[in-house]
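Shown next, in structure tokens, is the structure this report addresses.
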Amino acid sequence: MSQNGSKPPPISLEALKAGDKAQFALLVEQNSNQIYRLALRILGNEQDAEDVLQETFIKAFRHIQDFDGRSRLSTWLYRIATNEALMLLRKRKPDTLSVDDTTETDDGELTEPVQIVDWAQLPEDELLSSETLAYVDQAIEALPERLKITFILREVEGLSTLEAAEVLNISEAALKTRLSRARLQLRESLTEYFEGRFEGKVYGT
Amino acid sequence: MAHNENCRQLLGSLSEYVDGTAEESICADIERHLADCNNCRVVVDTLRRTVYLVRSTRPEETVMPAEVRDRLYKVLNLEDYLNSGG
Ligand SMILES: [Zn+2]
């Protein structure tokens, strides 16, 4: 998060709408890295991530007149990219749910914690081993599609609750519910991981 | 494991609780419950650690490869701007 103080130059929406190429280049410069990262996270494949990246900016270029300026440009780009990524996923596995789909139990009961193992007491160096961090990535990857996307936007990309809700076109309350589910589910996977890994060791009480 | 009704009711608020964004009355409920429910204490502690671990994976270190950036600028007809910034 430490970016030596220099703010990126502001982008003029009027100039973008007027077709100013330099402004568009600036928009690409300031956002392409995040968009690529998001797509890579969702799709888990570099070629697909690149396709989504290109398609996102092609669409942004084409549809800039439709952008109403109520959200941030970056939020709008995230939204285009998320939809593109989901479209690709659906092409790959036709049974993938849409992010707006409510057939999954959004309002149903939360899954109760199954695992009660107190791995929170583990020393920092064991907790933060590169193996563990790699497992965390895998566990995020394994979340159900829409929990995963919610989680990545909010927790990995650091969007605010409102911004993430705008990207997914859901209410802030629904966003919070999904985030809560994603976190509890990750907690379960991590508990399983630590339980297996440190079996036999004495945990703090 | 106790399948306590209280535990279940508080579960949905734990995520906001560990963020410190839960409403005050809910925080009070949770803290009262945690005082005598060991299971939920463990869930809260490990949930907090889960959030901490995720934030330790430093995903911002993933950077788009230079060739990907080059191809993007080419597709968008922005080659003239390839060397500005970045
Ligand atoms: Zn409890």
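The values are calculated or read from the model by the stated rules, or taken from the named source; none is laboratory data. What you see is a predicted model, and the numbers here were worked out from it, not measured in a lab. Counting neighbours? That spans all protein chains shown, and the Cβs are built from the backbone with ideal geometry, glycine included. Calculation scope for accessible area: heavy atoms of the full protein, side chains included, ligands and nucleic acids excluded. Shrake-Rupley method; radii C 1.70, N 1.55, O 1.52, S 1.80 Å.
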Specify the residue that is surrounded by the most Cβ atoms within 10 Å (Cβ to Cβ); the eligible residues are those in region A:58-93 that are farther than 21 Å from A:Arg37 by Cβ and among the hydrophobic types (A, V, I, L, M, F, W, C).
A:Ile64
Note: among A:Ala142, A:Ala174, A:Ala165, A:Ala134, just one is modelled with pLDDT of 85 or more, small (Gly, Ala, Ser) and under 15 Å from A:Ile42 (Cα atoms), namely A:Ala142
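So which helices (runs of 4 or more DSSP H) are wholly in region A:119-205 and hold at least 1 residues that are without any contact (Cβ under 8 Å) to a residue 12 or more places away in the chain?
So the answer is A:124-127, A:130-141, A:161-168, A:172-197.
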Find the helices (runs of 4 or more DSSP H) located wholly in region B:8-58 whose residues include 2 or more that are open to solvent by 40 Å² or more (accessible area, probe 1.4 Å) and away from chain A (no Cβ under 12 Å), and list them.
B:24-35
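Take the residues in region B:59-73 that are acidic (Asp, Glu) and open to solvent by 90 Å² or more (accessible area, probe 1.4 Å); name whichever of them is modelled with the highest pLDDT. Before the answer, list the steps.
If we filter region B:59-73 for residues that are acidic (Asp, Glu), which is where we start, we get B:60-61, B:67, B:70.
Those still in the list that are open to solvent by 90 Å² or more (accessible area, probe 1.4 Å) too: B:61, B:67.
On the way: B:Glu61: 68, B:Glu67: 97.
For region B:59-73, the residue satisfying everything is B:Glu67.
In the list A:Ser171, A:Ser160, which residue meets the criterion of being small (Gly, Ala, Ser), more than 13 Å from the chain's Cα centre (by Cα) and closer than 17 Å to A:Thr75 by Cα? Explain how you work it out, then say what you get.
Values: A:Ser160 fails: more than 13 Å from the chain's Cα centre (by Cα).
None of the others qualify; the one that does is A:Ser171.
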Of the conditions (1) of a type in the set (Asp, Glu); (2) facing chain A (nearest Cβ under 7 Å); (3) away from the ligand (no atom under 14 Å from the Cβ), B:Asp70 fails just one. Which one is it?
(2)
Restricting the search to region B:1-47, which residues are away from the ligand (no atom under 14 Å from the Cβ) and among the polar types (S, T, N, Q)?
B:Ser15, B:Thr21, B:Ser25
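For region A:8-28, how many residues meet the condition of being without any contact (Cβ under 8 Å) to a residue 12 or more places away in the chain and open to solvent by 30 Å² or more (accessible area, probe 1.4 Å)? Show your work before the answer.
Step one: of region A:8-28, the residues without any contact (Cβ under 8 Å) to a residue 12 or more places away in the chain are A:10, A:12, A:14-15, A:18-22, A:25.
Keeping just the survivors that are open to solvent by 30 Å² or more (accessible area, probe 1.4 Å) gives A:10, A:12, A:14, A:18-22.
Qualifying residue count, region A:8-28: 8.
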Odd one out for B:Leu76, checked against (1) modelled with pLDDT under 90; (2) within 7 Å of another protein chain (Cβ to nearest Cβ):
(1)
